[in-house]
Amino acid sequence: KQNASERAVFFDGEYSLGGGWSAGLGGRSYKTKTSFQQTGTVFGGPSNSPVLSGGDEGTTPKASLKYRFNNNNMWYALASKGYRYGGVNEGPPPTPFKSDNLWNYETGVRLLPAPGVQLDLSAFLLDWTNAQFTYFAMNGSLPFSGIGNVGKARSTGLEAALRWKVNSVFDMAASMASIDAETTQDVKTMAGRAPVTIASGAQLPGTAKLQTALQGNYRFSGPLGSAGRFNVTHTHVGERVIDLTAFYKAPAYNSLDLGMSFNKGNTT
């Protein structure tokens with residue numbers, strides 16, 4: 001049985017400095033409590049454990065600066081801190097893992113370079129402390145997976161999104177994310193039946209280096225006076241590692257989705 005509770009207060013505000021400039025400041029103060037106890041049997045043997053409890057408290061601030069060229073174009077810079085719960089791996093035996101937190105540094109532009117065209121560009125750096133990751137190990141003859149902590153990790157990336165209203169019946173959107181997420185110090189973890197040390201520079205699990213999406217929407221007159229819409233979406237997700245040792249990998253994949261809808265009055 002695992003329980004978690006959190007109490008928090010937050011604020012967020014923005015002040016105009018004049019001349020197109022504005023500054024924002026925000027924050028969130030939190031206090032969490034967690035507890036875990038395992039009871040019952042595993043393969044006929046008792047698996048009761050003592051109550052493992054923990055908790056965290058702190059404040060995650062946010063600061064931003066914006067410059068509006070006009071009503072349609074803006075540059076921004078942002079620094080913010082994030083936080084995620086810790087917990088307990090069920091085991092056996094139950095083993096706790098720490099909460100993690102990160103600083104996000106981001107800058108970008110939001111542009112309307114031409115009628116019907118919107119372009120968003122951003123670059124970011126995530127500086128992670130105690131980043132949570134998945135590992136696989138053996139407990140006797142039983143394989144299991146758990147969550148551990150990386151002391152330090154970093155993720156840098158570029159993101160772009162384009163939306164274009166070609167005409168009254170057709171619009172399209174495209175997006176791309178290029179991300180490099182890796183550890184920045186050695187990590188000691190379980191792998192198989194024995195502990196191993198993974199050198200700094202290992203790719204963080206679950207993060208593809210490249211992701212893209214392309215979508216098109218076409219509107220037309222449907223039957224019985226309805227409004228029709230046809231859409232097609234193609235997405236690409238690059239290869240990812242499943243655990244920090246990179247022994248388990250997920251291949252890159254593509255998906256193609258087709259959809260059609262008709263709308264008349266309050267019915268779709």
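The combined condition, being farther than 30 Å from residue 115 by Cα, surrounded by 15 or more Cβ atoms within 10 Å (Cβ to Cβ) and modelled with pLDDT of 85 or more, is fulfilled by residue 154. Only residues that are touching an Asp or Glu at 6+ places or on another chain (Cβ under 9 Å) and open to solvent by less than 30 Å² (accessible area, probe 1.4 Å) were counted in the stretch 232-259, giving 2. Checking each residue in the stretch 157-181 for being crowded, with 16+ Cβ neighbours inside 10 Å and acidic (Asp, Glu) picks out 159, 171. Scanning the stretch 89-143 for residues that are in contact with a Lys or Arg (Cβ under 6 Å, 6 or more places away or on another chain), farther than 22 Å from residue 182 by Cβ, modelled with pLDDT of 80 or more and open to solvent by less than 60 Å² (accessible area, probe 1.4 Å) yields 116, 120. Yes or no: residue 55 within 25 Å of residue 101 (Cβ to Cβ) and either modelled with pLDDT under 80 or open to solvent by less than 40 Å² (accessible area, probe 1.4 Å) (or both)? For residue 55, the condition - within 25 Å of residue 101 (Cβ to Cβ) and either modelled with pLDDT under 80 or open to solvent by less than 40 Å² (accessible area, probe 1.4 Å) (or both) - is met.
Within the stretch 170-190, the residues that satisfy the criterion of being farther than 23 Å from residue 106 by Cα and modelled with pLDDT of 95 or more are 170, 171, 172.
The values are calculated or read from the model by the stated rules, or taken from the named source; none is laboratory data. Since the structure is predicted, the reported quantities are computational estimates derived from the model, not experimental observations. Methodologically, a virtual Cβ is constructed for each residue, glycine included, from the backbone with ideal geometry; neighbour enumeration extends over all protein chains shown. All accessible areas refer to the heavy atoms of the entire protein, side chains included, with ligands and DNA or RNA removed. Shrake-Rupley method; radii C 1.70, N 1.55, O 1.52, S 1.80 Å.
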